[in-house]
Amino acid sequence: MMLSPVKCTAKRSKSEPVIHSLPEGIMHDIISRLTLKDAVRASLVSTNWRRLWTCHSNLCFDSPTILNREYGTISRSSSRRGRRRRRFIRRVDAILESHSGTGLRRFGITFALDARHTEHLDRWLKFALDSRASEIAVNLFPVFYKGFVRSYEWEDAYTLPSHMFSSQGASYIESLELVFASLKLSRDFYGPLKLRVLDLQSVHMSEGDLELLLSKCSSLECLRLGRCYPVLNLKVQKPLCRLRNLSVRGCQLQVMEFSAPNLAKFEYSGQAIPITLGESMKPTEATVTLLGYDDTLEHVFTELPKTLSHVETLSVNTCINTEVVGFSNCLMKFTHLIKLEVTVSILGDSRIRNGILRLVSLLEMLPHVSVGFSNEPEAYWHFRPCAHSHLEQFEVSGFIGLRSQLEVVLCILDNAVALRRMSVEPRVTAHDRVFGHLAE
C-alpha cells in the first residue's frame, strides 16, 4: 500500500500530460479565450493542438494582429500603404482558408480599406454569414494616424452587399458595427432581424433604408448613430420596445421621432431640433450637446423637458448670447431631475450685460447642478428671488470674476436654503461640445 502511489506516479510520468487528455470541447473553450495571435502560437506547442485554432470563435483582423504594426506607424508613402494592404489581404485570406468556420462568434475587420477592395470584403463577410457569426464589426476607417489625415469621399466607401440582410446567416447576427461604409438594402429585404446592438458611424445610408432596417429590429437594445449621411429626418413608426440605449451624434438631423417606451439612456449631439421619444417614461440618464452658434438655452428649458421629463441625470452643452434677455416661452420642469451638469459657451459682445443671468432659472427645476463658463462676457438680468429647498451641491468652473458670473453665483447662494457645499474655481472642468470631457 505504501508503494502504490509511487507506482502510479511513475506510470503517469510516462504518459502524455493531463492537458492532452481533456475533452475536445474544453480545449476549444480554452483556445477561444486567447487572442487569435496567441491561439496560433499555442498550436505550435503540440501536434495535438495544431488544428485547434481553426475553430477559434473570435476572428478580429487588424494591423497589430495581422501585420504586427501598432496604429500610428503608417507611412506617408502611398506605395508602402499599398503593399501593406496587399499583405493584410493575403494573410486574412490564408487564415480564413484554414479556418473551419465552426463555432465562430465574433468577426471583425479593422483596416483602412475601401471600394477598391470590394471583392475581398464581400468574400470575408460571406464567410462570416455562412459561419453564423453573432457579432460582426467592420471598421474601414480605424484611426486618424499621427501626422497623417486621410481624405475620403463617399464614392470611395465600400458598399455592403445588398443581399447581406436577406441571407440566412443574417438571422444569426446579434451585433453589427459599421464604420465608414455605405449601406443599401435590397428590394427583397423583409426581415425580421435579431439585432440587439446596431452601431453605425460615418455610414452613407438613405433615411428610407435606415427606417426600414430599424423597423425590422424589434429586439434592438442599443442603437448608436454617428455622422450618418444623408439622413435628415429620422422617423421610426414601429415601437422599439426593447431599446434601452440610444445615441445620435453629428447626423445633421432636422427631425427625430422614436417610440421607445423602455429607453434608459439617451445621448444626442447636433442642432436644436424637435425630438420625440414617444411614451418613454424610464430614461434616467441623458447627455445633450447643442451645436451651432445660436442661443439654445431656451430650447434646454422649454423643449427638452417635453422629451426627457423623467430623466434623473442630465448633462447639457449649450450656448448663451449676451444680447438675449429672458425667455419667450414658459419654462417647463424636469420633474424627476436629481443632477444637472450645464456647460455654457457664452457668445456676443462682452460689453453687453444681458442674458447670462437666465441661468439662475435652474433653481426652479433641479436639486443638484454643475455649471461651467467659457469666454469672457458680462451680462445682467433681474431675477426674482425664489427660495430653493432641494439644491444641496453647486459647482462652478471657469470662474474669472466677471460681474455676470458673480451675480449668478450670489443669486444661487442667496436662494438655495438647503445648500451644503459650493465650489467655485477658475479651472475649466466641463464637457466639451465636440471632443468630450475636458479638464484644464
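No lab work stands behind these numbers, since they all come straight from the coordinates. This structure is a prediction, so every number in the text was calculated from the model and none was measured. All Cβ positions, glycine included, derive from the backbone under ideal geometry; neighbour counts span all protein chains shown.
Across region 188-314, C-alpha contacts under 8 Å between residues 6 or more apart give a mean separation that, scaled by the residue count, equals a relative contact order of 17 percent.
A 27 angstrom limit on the alpha carbon distance is what I want to check against. Which of K265/K306; K238/K333; K194/K235; K235/K265; K216/K339; K265/K333 exceed it? Pairs exceeding 27 Å: K238/K333; K216/K339. Here the Karplus relation 6.51 cos²θ - 1.76 cosθ + 1.60, evaluated at θ = phi - 60°, turns the backbone of region 104-109 into coupling constants of 6, 10, 10, 10, x, 10 Hz, with x for every Gly and Pro.
Within the shell defined by Cβ-Cβ distances under 14 Å, the residues around Q168 carry a net charge of +1, with Lys and Arg each +1 and Asp and Glu each -1. With the cut-off at 20 Å, report for region 165-310 the share of all Cα pairs above it, as a whole percent. Across region 165-310, Cα pairs with separations above 20 Å total 46 percent. Panel note: the C-alpha atoms of region 241-304, placed on their principal axes, show extents of 36, 23, 17 Å (largest first). A DSSP coil position with no more than 15 other Cβ atoms inside 10 Å describes the following chymotrypsin sites (Phe, Trp or Tyr not before Pro) in region 213-311: Y293. The distance linking region 166-224 with region 113-131 is 17 Å (Cα centroid to Cα centroid, whole angstrom). Could you tally the net charge around T159, taking each other residue with its Cβ under 11 Å from the Cβ of T159, Lys/Arg +1 and Asp/Glu -1? Computed value for this residue: -3. Spin-label model, H163 to R105: label points 7 Å out along the Cα-to-beta-carbon direction sit 3.1 nm apart.
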